[in-house]
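Written out below as structure tokens is the structure these notes cover.
The values are calculated or read from the model by the stated rules, or taken from the named source; none is laboratory data. Note that the structure is a prediction, hence the values are computed from the model and not measured. Ideal geometry is used to build each Cβ from the backbone, glycine not excepted, and the neighbour counts take in all protein chains shown. The protein model used for the area step is the full one, side chains on, heavy atoms only, and it has no ligands, DNA or RNA in it. Shrake-Rupley method; radii C 1.70, N 1.55, O 1.52, S 1.80 Å.
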Amino acid sequence: AEFRPAVVSFHFGLPAPELLARVKATGASVFASATTVAEAQWLAHHGADAIIAQGLEAGGHRGHFLSQDLGLQQGTFTLLPQIVAAVDLPVIAAGGIINGKGIKAALALGASAVQMGTAFLCCHEATTSPLHRAALQGAHGRHTALTNLFSGRPARGIVNRLMRELGPLSALPPDFPHASGALAPLRAAAEKVGESGFSPLWAGQNVSGCSSLAAAELIAAWVVEADLA
């Protein structure tokens, strides 16, 4: 309320109605993530102003909130047109979009905009750690999986030692968000000696567009590529 942002974006559904009303009272538009058509419809009926269609390719945490069944979730370019057809709201495509051609394809399928994360992780302005940058640009950066080991909720990241040894999805971690705290001492000790095997290396399935450029340069290149696509 103090800073009055133009947009407030939520993951894992929406807050309680009274809190959502306070957010909207500031004049902010409310965006929220949907991983299925059912979630998009729920968000549309509960106050969202725009839907982020999060495909299974997306890096970081899955935004699912109606069902924990990962089998219900789809790739961006199959989920996107279904959500566009199901809700009368702007839809933002997220997941696996790494360049201008991907932007063009998402817009052609009805997206009003795109949300890109992995593509920016190696930009000059990004606060991505050196270990994370090395993993993104290394030989194993293209191998990602959904894992609950680092937080207690499924999230996509580069496969590393912890994921290989325990299996990416496990009954071992405490519930979200307590897994992060439980793992923190081991992670800190490993990172101190340059080991990223116990760190969450969030990334989408397509890391090919991660470039060590200024963000503005990267965006300008995408605009040109999208125009030519």
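For residues that are without any contact (Cβ under 8 Å) to a residue 24 or more places away in the chain and either part of a loop (DSSP other than H, G, I, E, B) or hydroxyl-bearing (Ser, Thr, Tyr) (or both), scanning just region 1-30, find the one that is most open to solvent (accessible area, probe 1.4 Å).
This residue is 3.
What are the residues in region 183-229 that are over 20 Å from residue 157 (Cα atoms) and in a loop (DSSP other than H, G, I, E, B), if any?
If the condition is that a residue be over 20 Å from residue 157 (Cα atoms) and in a loop (DSSP other than H, G, I, E, B), then 193, 213, 214, 229 are the ones that fit.
Taking interchain pairs and intrachain pairs at least six residues apart, which have beta carbon atoms under 6 angstrom, with the first residue in region 131-145 and touching a residue at least 40 places away in the same chain (Cβ under 8 Å) and the second open to solvent by 60 Å² or more (accessible area, probe 1.4 Å) and not aliphatic (A, V, I, L, M)?
Listed pairs, sorted by first residue: 144/205.
Mind checking whether some residue in region 164-182 is under 22 Å from residue 71 (Cα atoms), assigned to a loop (DSSP other than H, G, I, E, B), charged (D, E, K, R) and open to solvent by 40 Å² or more (accessible area, probe 1.4 Å)?
Yes; the residues of region 164-182 include at least one that is under 22 Å from residue 71 (Cα atoms), assigned to a loop (DSSP other than H, G, I, E, B), charged (D, E, K, R) and open to solvent by 40 Å² or more (accessible area, probe 1.4 Å).
Is it the case that residue 197 is modelled with pLDDT of 95 or more and not hydrophobic (A, V, I, L, M, F, W, C)?
Answer is yes for this residue.
With respect to residue 145, is the statement that it is more than 21 Å from residue 227 (Cβ to Cβ), modelled with pLDDT of 95 or more, more than 16 Å from the chain's Cα centre (by Cα) and not in a loop (DSSP other than H, G, I, E, B) true?
For residue 145, the condition - more than 21 Å from residue 227 (Cβ to Cβ), modelled with pLDDT of 95 or more, more than 16 Å from the chain's Cα centre (by Cα) and not in a loop (DSSP other than H, G, I, E, B) - is not met.
Taking interchain pairs and intrachain pairs at least six residues apart, which have beta carbon atoms under 7 angstrom, with the first residue in region 173-191 and aromatic (Phe, Trp, Tyr) and the second not in a helix (DSSP H, G or I)?
Between residues of region 173-191 that are aromatic (Phe, Trp, Tyr) and residues that are not in a helix (DSSP H, G or I), the close pairs are 176/151; 176/152; 176/153.
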